[in-house]
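Everything on this sheet refers to the single structure shown next.
The values are calculated or read from the model by the stated rules, or taken from the named source; none is laboratory data. All of these numbers come straight from a predicted model, not from anything done at the bench. Positions of Cβ are generated from backbone atoms using ideal geometry, with glycine treated the same way; all protein chains shown enter the neighbour counts.
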Amino acid sequence: MTTTTKFTAKVFSVILASGLLAQLAPMVEAASWKRANKTQVSAVNPLQSSATNTTQEQTVAVDINITFQPMSQYVSVNNLTTLNVAATGSGTLSYQWRKNGVAIPDAVKSYYDISAATMEDQGAYDVIVSNSTGSVVSNSAQVTVFVDRTANMFWQPPTTREDGSALALENISSYRIYVTNEAGSLEATYNVPAGQYYHYFDNLETGTHYFAITAIDTDGVESDFSELMSKTIF
């Protein structure tokens, strides 16, 4: 009597595991797992009459290298700051800047300008760099917006008196700075010694502040006011 062998489902699964998948495993393990896009391929089971689709990952290397990452920055209200990125890669590179993970409309260059910063501009920024091989995302850069409540004042010492006569440096005893507000009220006066030609202000209140300086000679005579200067604190 002739004896036949029946291939049960259990036997078939063992053959598939030790045969076809065992042949594919070294190929998968040897793949260079760089940053890649995922594609699907179909594997035909040689033990079945019909093809069985099996999902398998293949790597397609993304040819983009970011050579300069965006840097975190501090910017005062109403001032300009610029975020930059530099990258190399094949073909044409395109850019899309994001703030807190959301694409910024029309921010599609290798740099992004915040032209007049407000508190709403504060956040985490990155950029997606793309070409025909795929895309990469830059590091995140934190933009911190603050209110600058300082002012720096510099001046040149006068060399003539109002009547046109010469004024020597040794005849100047001191300078006096006047600070007024938008309403014209005097906020403060500062006496600066002769030989010092600058003054630093801090903790200025919100609003516009006006600055003027006078020179005082050794006889105690005070000059007219200098040209008016201003600083607005937002």
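Numbers at a glance
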| read-out | value |
| --- | --- |
| Selection count where residues are surrounded by 16 or more Cβ atoms within 10 Å (Cβ to Cβ) and either under 42 Å from the mean Cα position of the chain (by Cα) or assigned to a loop (DSSP other than H, G, I, E, B) (or both), scope the stretch 150-174 | 5 |
| Top-ranked residue in the stretch 53-71 [being of a type in the set (Ser, Thr, Tyr) and surrounded by fewer than 12 Cβ atoms within 10 Å (Cβ to Cβ); ranked as modelled with the highest pLDDT] | Thr67 |
| Residue within the stretch 147-159 that is assigned by TED's automatic domain parsing to the domain that holds Asp219, within 30 Å of Ser226 (Cβ to Cβ) and either touching a Pro at 6+ places or on another chain (Cβ under 9 Å) or free of Cβ contacts under 8 Å to residues at least 12 places away in the same chain (or both) present | yes |
| Within the stretch 150-188, tally of residues that are among the basic types (Lys, Arg) and farther than 27 Å from Asp202 by Cα | 1 |
| Top-ranked residue in the stretch 89-102 [being among the hydrophobic types (A, V, I, L, M, F, W, C) and touching a residue at least 24 places away in the same chain (Cβ under 8 Å); ranked as nearest to Val147 (Cα to Cα)] | Trp97 |
| Residue satisfying all of: in the stretch 182-207; surrounded by 14 or more Cβ atoms within 10 Å (Cβ to Cβ) and assigned to a loop (DSSP other than H, G, I, E, B); farthest from the chain's Cα centre (by Cα) among these | Ala194 |
| The stretch 187-204, residues that are out of contact with any Ser or Thr (no Cβ under 7 Å at 6 or more places or on another chain) and free of Cβ contacts under 8 Å to residues at least 40 places away in the same chain | Ala188, Thr189, Tyr190, Gly195, Gln196 |
| Options Ala124, Ala141; residue that is at pLDDT 95 or above, crowded, with 17+ Cβ neighbours inside 10 Å and in the same structural domain as Gln73 (by TED's automatic domain parsing) | Ala141 |
| Residues of the stretch 73-88 that turn out to be in contact (Cβ under 8 Å) with a residue 40 or more places away in the chain and touching a Phe, Trp or Tyr at 6+ places or on another chain (Cβ under 7 Å), as a count | 6 |
